[in-house]
Amino acid sequence: MDLKKRLEMAEAAKAGQLPEISDLEELACLSEQQVLDLLPAANAVRRRFFGDQVHLCCIVNGKSGKCSEDCAFCAQSAHAKTSAPVYPLIDSGKIFQGASYARENGVHRYSVAASGGRLPKAEVRMVAEAFSRMGGEGVHYCASLGILDAEDFALLRDAGVDRYHHNLETAESHFKEICTTHSYGDRVQTIREAKKAGMSVCAGGLFGIGETDLQVLELGLALRDLDVDSVPVNFLLPIKGTRLEKSSALSPLRCLKIISLLRFALGGKEIVICGGRETNLEELHPLVFYAGASGIMTGDYLTAPGRNPQKDHAMIRRLGLTALWEGKAE
Ligand code: SF4
């Protein structure tokens, strides 16, 4: 695909017109050498929808390890032999602590994530109860508690959780290679239920787990069809003891290509770069915004250390961008 065509696609995307699937397939087939040429167009699409504003989100691992599911990449699966921490659902004090950390660091969204195929109903109630006792003060609340039903979503929504996170993980055509204990359809169903309950949905996936470029696009198009609001992008951190422990990190250019492709496929949806940002992109990680990302996760990841939010704020300022913050200035 030549430069003129890429710029035409950017112009069309800026006007709210999503590219033809055949054009996206052409983009997916670009070589890594051509990736940096894609950035100006992907950045223009991001700017059209988000201007100079990007957002930060952070998570707390609310329940760790001993998960009955067999996701090939996950340190928390009981099928893997890893040294990831194992603990039951944290108490409300720890959930509040995470929210204070978000507020003190100007982090726009805070999520409680729990391991497991689904959180038992009594524990969903405990999490909802904790959220219902927190004031917002600039922070929006999210939860990631596995495969839930309509009743659970209503509880979370009424407690002030406005967004539910549930990744599709990977393209449907690759899903069975990654997980056999639940289906891609189970994940789609959860996303549909969360939307039906009136929640905003954050759903994306993990890259570097053996998917092809066309499967990256397949996932992007599935998320577009589900009309999710935000797409978290994770890059594999191979963890000893998991089935994917021997996978190699993605090249920084491949990561940028994945982000750009998703930006073109998803138009004005949020794209948030999460786990594996620094490890896979190395020195190039600040370029994620120029590839089309509208946000990043800051602080620690579920089972791996991340970046200090103040460092991420400094990076955002140096790039001439501003971090979205609706609370009081600290
Ligand atoms: S990704 Fe979630 S469902 Fe899969 S093994 Fe890890 S904690 Fe369990």
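A few comments on the model shown:
- Evaluated against (1) touching a strand residue (DSSP E or B) at 6+ places or on another chain (Cβ under 9 Å); (2) surrounded by 19 or more Cβ atoms within 10 Å (Cβ to Cβ), ASP229 falls short on exactly one condition, (2).
- Residue match in the range 45-57 (condition: under 29 Å from HIS140 (Cα atoms) and assigned to a loop (DSSP other than H, G, I, E, B)): yes
- In the range 11-22, the residue that is farthest from TYR290 (Cα to Cα) out of those that are touching a residue at least 40 places away in the same chain (Cβ under 8 Å) and part of a helix (DSSP H, G or I) is ILE21.
- Checking the stated criteria, SER183 turns out not to satisfy the condition of being out of contact with any helix residue (DSSP H, G or I) (no Cβ under 7 Å at 6 or more places or on another chain), touching a residue at least 40 places away in the same chain (Cβ under 8 Å) and among the hydroxyl-bearing types (Ser, Thr, Tyr).
- Under the condition of being farther than 18 Å from PRO252 by Cα and assigned to a strand (DSSP E or B), the residues counted in the range 276-303 number 1.
Matching residues to (1) among the basic types (Lys, Arg); (2) modelled with pLDDT of 95 or more:
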| position | (1), (2) |
| --- | --- |
| LYS4 | yes, no |
| GLU11 | no, no |
| GLN17 | no, no |
| ALA42 | no, no |
| VAL54 | no, yes |
| CYS57 | no, yes |
| PRO85 | no, no |
| ARG109 | yes, yes |
| GLY116 | no, no |
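- Matching residues in the range 234-249 - criterion: being at pLDDT 95 or above and hydrophobic (A, V, I, L, M, F, W, C): PHE235, LEU236, LEU244
- Of all the listed residues (SER68, SER77, SER92), the sole one being within 16 Å of the ligand (Cβ to nearest atom), surrounded by fewer than 23 Cβ atoms within 10 Å (Cβ to Cβ) and of a type in the set (S, T, N, Q) is SER68.
- All positions within the range 117-135 that are among the small types (Gly, Ala, Ser) and touching a residue at least 40 places away in the same chain (Cβ under 8 Å): GLY117
- Restricting attention to the range 302-315, the residues that are crowded, with 16+ Cβ neighbours inside 10 Å and out of contact with any helix residue (DSSP H, G or I) (no Cβ under 9 Å at 6 or more places or on another chain) total 4.
- Cross-chain or 6+ apart pairs with Cβ under 6 Å, the range 199-215 first and without any contact (Cβ under 8 Å) to a residue 40 or more places away in the chain and within 16 Å of ALA113 (Cα to Cα), then aromatic (Phe, Trp, Tyr) and outside any loop (DSSP other than H, G, I, E, B): VAL201/TYR164
Residues are listed down the side, and each one gets a yes or a no for (1) surrounded by fewer than 24 Cβ atoms within 10 Å (Cβ to Cβ); (2) on the phi > 0 side of the Ramachandran plot:
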| position | (1), (2) |
| --- | --- |
| PRO238 | yes, no |
| LEU250 | yes, no |
| SER260 | no, no |
| LYS269 | yes, no |
| HIS285 | yes, no |
| PHE289 | no, no |
| GLY292 | no, yes |
| THR298 | no, no |
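- Single match in ALA41, ALA84, ALA102 (criterion: small (Gly, Ala, Ser) and within 15 Å of the ligand (Cβ to nearest atom)): ALA84
- SER100 being farther than 17 Å from THR181 by Cβ, in a loop (DSSP other than H, G, I, E, B), more than 20 Å from the chain's Cα centre (by Cα) and polar (S, T, N, Q): no
- Elements of type helices (runs of 4 or more DSSP H) contained in the range 109-190, each with 1 or more residues being crowded, with 21+ Cβ neighbours inside 10 Å and more than 12 Å from the ligand (Cβ to nearest atom): 121-132, 150-158
The values are calculated or read from the model by the stated rules, or taken from the named source; none is laboratory data. Everything quoted here is computed from the prediction, not taken from an experiment. Please note: Cβ atoms are built from the backbone with ideal geometry, for glycine as well, and neighbour counts cover all protein chains shown.
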